[in-house]
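Participant: Please read through the structure below; I'll follow up with questions.
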Amino acid sequence: MLVLVANLGSTSFKYRLYDMADERCLARGAVERIGDAESKCTASIGDWSDERTMSVPDHGVAVEACLTQLTDPDHGAISDASEVAAIGFKAVHGGRLSGVFRVDDDVLDAMAEMNAAAPAHNPPYIAAMKAMRSRFDLPLVAAFETSFHQTIPAARKEYAIPRKWADELHLRKWGFHGASHRYIATRSAELLGRSDARVISCHLGGSSSLTAIESGQSVMTTMGMTPQTGLPQNNRVGDFDPFALPLIMQRTGMTLDETLAHLASQGGLLGLSGRSGDIRDLREAAAAGDANSRLALDVFVEEIRRHLGGMMVALGGVDAIVFTAGIGENDSELREAVCARLEAFGIVMDPIANKAVEGESTFHADSSRTQLWVIPTNEEIVVARQTVAVLQQTPS
């Protein structure tokens, strides 16, 4: 069974094609600047790479462009588009729907109901899914990021708000990055050789969250009702007191929509530094003496450590801390800062091993009771597996 996994942005389409017989990635590619006069379409299939420029007005055409490359007569991974069994999507927020579903009108309606909670994610996904439904006779499967966090106890996912709001408006801490944290739960169990491990998964990248995992299940996470919450993101505010909103609006003259747009695009590390939301830029600027860039890095580390401590309490200890995603996998300075002064909790880092990390690696000292790992995440294979499961359960 061949599954195409799609990762959508408002003007982009990235994909991987998997042969689920052995979970091999047969091809990967991307279409950028969808809707512009010209879009760049790239593909990598084995040793062959292709790049072409063409008009791609919508995501439906983007899928057609990728299928053209995938069926290239000389280098393609498949001979015909009909060989693809389904397209799986790493969907974000379905509100009342949290799980994995074939895309139908009810799924699209549920996503639309949560547009205000995920304005950067849900609308482009809905538009793309509609375009693909009208263009292709292929099952579409939505794997919602919230589904991995359904096992979190109510005491850790309910807000202290009127009960009616929670029930009727679906206001609770849903959690996100579910595919990544699910992958870390599965892979860490394999590497540790035990299924009952207490693991804290640190997904740190342009968008970041921590999840406490016990026996393979999510029991606490940092993101709440929306992907705007929890840790400071590259340009999103993270946790913030809602009662500050009226003050901002009164003193700046901005509307509520304008204020929220600023917090969602000019906040986070970008807002703190006034320079960039990219941690690489901040490290360079901090090294050159920029105080605000250093502050942004320090705030990010302190927020990670604050949530890490809470999760250690919730788990009653921790067997492994796993760093993943772009920052978690590649920034040894951040890993060192997060793990500093935790020896009293049985967490001891090996600084030499930390700097030498490459791929799946440990970097704890021999004396550490807690294992420290870097595990590159693979969200796409998780979505591919979930897509196969839905196809096998649902009549075609």
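Participant: Carbon and sulfur: what percent of the chain's accessible surface (1.4 Å probe)?
Facilitator: Values: 8820 of 17960 Å².
Exposed carbon and sulfur together represent 49 percent of the surface.
Participant: Taking the simple approach of a point 7 Å from Cα along Cα-to-Cβ for both I248 and A353, what is their distance in nm?
Facilitator: 4.2
Participant: What is the helix-to-structure angle for 291-315, meaning the angle in degrees between its Cα long axis and the longest Cα principal axis of the chain, kept from 0 to 90 and rounded to the nearest 10?
Facilitator: Tilt relative to the chain: about 90 degrees.
Participant: Using per-residue counts of other Cβ atoms within 10 Å, averaged over each peptide, order 218-230, 297-309, 39-51 from highest down.
Facilitator: Final packing ranking: 218-230, 297-309, 39-51.
Participant: So what is the relative contact order of the range 280-396, in percent, for Cα pairs below 8 Å that sit 6 or more residues apart?
Facilitator: It rounds to 20 percent for the range 280-396.
Participant: So, by mean Cβ neighbours within 10 angstrom, what's the order for 105-118, 54-67 with the highest one leading?
Facilitator: The most tightly packed comes first, giving 54-67, 105-118.
Participant: Would you mind calculating the relative contact order of the chain from Cα pairs under 8 angstrom and at least 6 residues apart, reporting the percent as a whole number?
Facilitator: Details: 792 pairs, mean separation 51.2, N = 396.
Reported as a whole number, the value is 13 percent.
Participant: Rounded if a/c is under 1.5, else prolate if a/b beats b/c, else oblate: with a ≥ b ≥ c from the C-alpha gyration tensor eigenvalues square-rooted, which is the range 85-211?
Facilitator: Note, shape of the range 85-211 comes out oblate.
Participant: Please work out the ratio of the alpha-carbon Rg of the range 192-341 to 2.2 N^0.38 Å and round it to two decimals. Let's see the in-between values first.
Facilitator: On the way: Rg = 16.6 Å, N = 150, 2.2 N^0.38 = 14.8 Å.
The value comes to 1.13.
Participant: Using the Kirkwood radius over C-alpha pairs as Rh, can you work out the diffusion coefficient of the range 209-280 via Stokes-Einstein at 20 °C, viscosity 1.002 mPa s, in µm² per second?
Facilitator: For these conditions, the coefficient is 160 µm²/s.
Participant: I would also like to ask the following. Give or take rounding to whole Å, what are the principal axis extents of the alpha carbon atoms in the chain, in descending order?
Facilitator: Here the Cα extents, ordered largest to smallest, are 60, 55, 47 Å.
Participant: Any idea how far apart D298 and D105 come out in nm if each label point goes 7 Å out from Cα toward Cβ?
Facilitator: 5.7
Participant: Can I ask one more? How are the Cα pair distances of the range 287-364 distributed, in percent, across 10 Å bins from 0?
Facilitator: All Cα pairs considered, the percentages come to 16, 48, 31, 5, 0.
Participant: Between the range 342-364 and the range 186-207, how many Å separate their Cα centres?
Facilitator: A separation of 15 Å, based on Cα centres.
Participant: Quick check for you: with a 1.4 Å probe and neighbouring chains kept, what is the accessible area per residue of the range 1-117, in Å²?
Facilitator: With the other protein chains kept in place, the range 1-117 gives 44 Å² per residue.
Participant: How far apart, in nm, are two points set 7 Å out from the Cα along the Cα-to-Cβ line at S49 and at A155?
Facilitator: It works out to 5.3 nm between the two label points.
Participant: Right, something else. Given 10 Å bins starting at zero, what is the percent of C-alpha pairs of the range 146-236 in each, up to the one with the largest pair distance?
Facilitator: Calculated P(r), rounded to whole percents: 18, 45, 28, 8, 1.
Participant: Also, I was wondering about something else. Please report the spacing between the Cα centers of the range 212-235 and the range 289-303 in Å, no decimals.
Facilitator: 21
Participant: So for the chain: antiparallel DSSP bridges make up what percent, rounded to the nearest 5?
Facilitator: Looking only at bridges with both residues in the chain, the antiparallel portion is about 70 percent.
Participant: Then there's this: Considering Cα pairs under 8 angstrom that are at least six residues apart, work out the relative contact order of the range 194-237 and quote it in whole percent.
Facilitator: On the way: 67 pairs, mean separation 13.3, N = 44.
That works out to 30 percent.
The values are calculated or read from the model by the stated rules, or taken from the named source; none is laboratory data. In this text the structure is predicted, and so the values were computed from the model without any measurement. Glycine also receives a Cβ, built like all others from the backbone with ideal geometry; neighbour counts cover every protein chain displayed. Surface accessibility is based on the protein's heavy atoms, side chains included, excluding ligands, DNA and RNA. Shrake-Rupley method; radii C 1.70, N 1.55, O 1.52, S 1.80 Å.
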